[in-house]
């Protein structure tokens, strides 16, 4: 039996299920690193990836976003010319009431009796207008285009539409 597709878990339709002390054997999130690049750099351009609809983003989608954005940033800019931060954390535990789909399965399972479900994954709950991730870099026309392109690539990993916002920050030292 395989896991259901991600579209089954994107809607926020019940209260959050986050209490680890009540969950037996819940899976750990795939994403472990939330802050990458040069953490001490003084950058003056910030690019934000903003989600436009309320949904749940699975931990696998966040890891796919992190890998693709970090790889593109490292190849296009270099390892010391950016800082990349993912702001949302996958605290919500996803549950699944697994159903068997083969001959004779009706004698082995109870259907909707005791259908609370077993933990199968993690998700981050996000609201419309929330910043998913941010990238800081130096403000040049080339870096602006690179940021837009890379954040659009990262937005394709999310289950709902997203937009890119660039903010020029004054460097006051």
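Some notes on this structure:
- Stretch gain in nm, segment residue 156-residue 98, where the contour uses 0.36 nm per residue and the Cα spacing is subtracted: 18.0 nm
- Building the convex hull from the alpha-carbon atoms of the stretch 126-166 and averaging its projection over directions returns 2.9 nm².
- Extension gain from residue 74 to residue 112, taking 0.36 nm per residue of separation minus the Cα-Cα distance: 8.8 nm
- The relative contact order of the chain comes to 39 percent, based on Cα pairs under 8 Å that sit 6 or more residues apart.
- The ranking of 22, 138, 9 from fewest to most other beta carbons within 10 Å of each one's beta carbon is 22, 138, 9.
- With Cα atoms, 0 to 90° folded angle of helix 59-76 axis to the chain main axis: 20 degrees
- Here the scattering of the stretch 46-173 is modelled by Debye summation over its C-alpha atoms, one equal scatterer each and no solvent; at q = 0.15, 0.21 Å⁻¹ the log10 of I(q)/I(0) is -0.74, -1.15.
- Burial ordering of 62, 45, fewest other beta-carbon atoms within 10 Å first: 45, 62
- Put the Cα centre of the stretch 116-173 next to the Cα centre of the stretch 37-106 and the gap is 9 Å.
- Translational diffusion coefficient (Stokes-Einstein; Kirkwood radius from C-alpha pairs) of the stretch 5-99 at 20 °C, 1.002 mPa s, in µm²/s: 136 µm²/s
- Segment residue 23-residue 167, extension gain: residue separation times 0.36 nm, minus the distance between their alpha carbons: 47.7 nm
Every read-out reported here was derived from the displayed coordinates using simple, explicitly stated rules and does not represent laboratory data. Model, not experiment: these values are computed from the prediction. FYI the Cβ positions are ideal-geometry reconstructions off the backbone, even for glycines, and counts take in every protein chain you see.
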